[in-house]
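Each remark here refers to the structure printed beneath this line.
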Amino acid sequence: MVEDDDDFAQAAEMWLTDALGVEVLLATDGGEGIEMYGPGVDVVLLDRRMPVKSGDEVLASIRRQDGDACVAMMTAVEPAWDTVGMRFDAYLRKPVTPDEILDAVERLFERKSYPQEVRELLQLRTELDLLRDRYASEELDDDDRYTRLDAEFERACEDAMASIDGFDPDDIERLVAGADAE
């Protein structure tokens, strides 16, 4: 967890440890979060507004490192066009409840077991859903960024259906459709 609010971070650590029995590494700023990240990290809870390095910078940095953690942005920052291309797995809006954090972490641990192509589809779907929640459909239809993202999602969906061995295409469709509920 990379979170500069010490009280919140310690409370969330307790919730995760008690309810899920997971080991939680706490970083209080973005620079420390980057240093702590590595291949052994499965899930990252990441605040967007922090000292030293923002959550956006941390996400970009850890995506370039070894490891394949699922990442939940956890922030009071409303998602907007700046989230396009960030490739996070979940976006939790603060204030968040213990149940919201626990549910998100459980989903991300499950998602970690999916083939990479499915995970990438779900990341794209998460970005699309955030934009659909924020903007009117007319605005989206008139925006090239949304059109490109939607086309990228459709291509990735077709590619995944054709290339993932041992994963039923119906299961992929259900997972991708179910991303709305996350």
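The values are calculated or read from the model by the stated rules, or taken from the named source; none is laboratory data. Treat the numbers as computed from the prediction; the structure is a model and nothing was measured. Here the Cβ positions follow ideal geometry from the backbone for every residue, glycine too, while neighbour counts run over all protein chains shown. Just so you know, the surface numbers come from the protein's heavy atoms only, side chains and all, with ligands and any DNA or RNA stripped out. Shrake-Rupley method; radii C 1.70, N 1.55, O 1.52, S 1.80 Å.
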Can you list, largest first and rounded to whole Å, the semi-axes you get for the range 81-143 by taking the square root of 5 times each eigenvalue of its Cα gyration tensor? 23, 17, 8
Per residue, what accessible area does the chain have, given a 1.4 Å probe and all protein chains present, in Å²? 51
Here the net charge surrounding GLY40, from other residues whose Cβ is less than 14 Å away from its Cβ (Lys, Arg +1; Asp, Glu -1), is -4
Report the one residue of MET161, MET50, GLY21 whose Cα lies farthest in the direction of the positive end of the charge dipole of the chain (charges on C-beta: Lys and Arg +1, Asp and Glu -1; origin at the Cα centre). MET50
If the only charges are +1 at each Lys and Arg Cβ and -1 at each Asp and Glu Cβ, what is the size of the charge dipole of the chain around the Cα centre, to the nearest 20 debye? 320
Hey, could you grab the Kirkwood Rh for the range 1-81? Inverse mean 1/r over distinct alpha carbon pairs, Å, one decimal. 12.7
Could you point to the residue in GLY40, LEU122, ALA104 farthest towards the positive end of the chain's charge dipole, with +1 and -1 charges on the Cβ of Lys/Arg and Asp/Glu respectively? GLY40
Membrane-span-like helices in the chain: DSSP H runs reaching 15 Å or more (Cα, own axis), mean Kyte hydropathy at least 0.0? 6-20
Ignoring ligands, DNA and RNA, please state the percent of accessible area on the range 59-173 from carbon and sulfur, probe 1.4 Å. 44
Extended-chain gain in nm, criterion 0.36 nm per residue less alpha-carbon gap, ASP68 and ASP18: 15.5 nm
Where q = 0.19, 0.20 Å⁻¹, what log10 of I(q)/I(0) comes from the Debye formula for the chain, counting one point per Cα? -1.35, -1.45
Hull-based mean projected area of the range 16-61, where the convex hull spans the alpha carbons, in square nanometres: 3.3
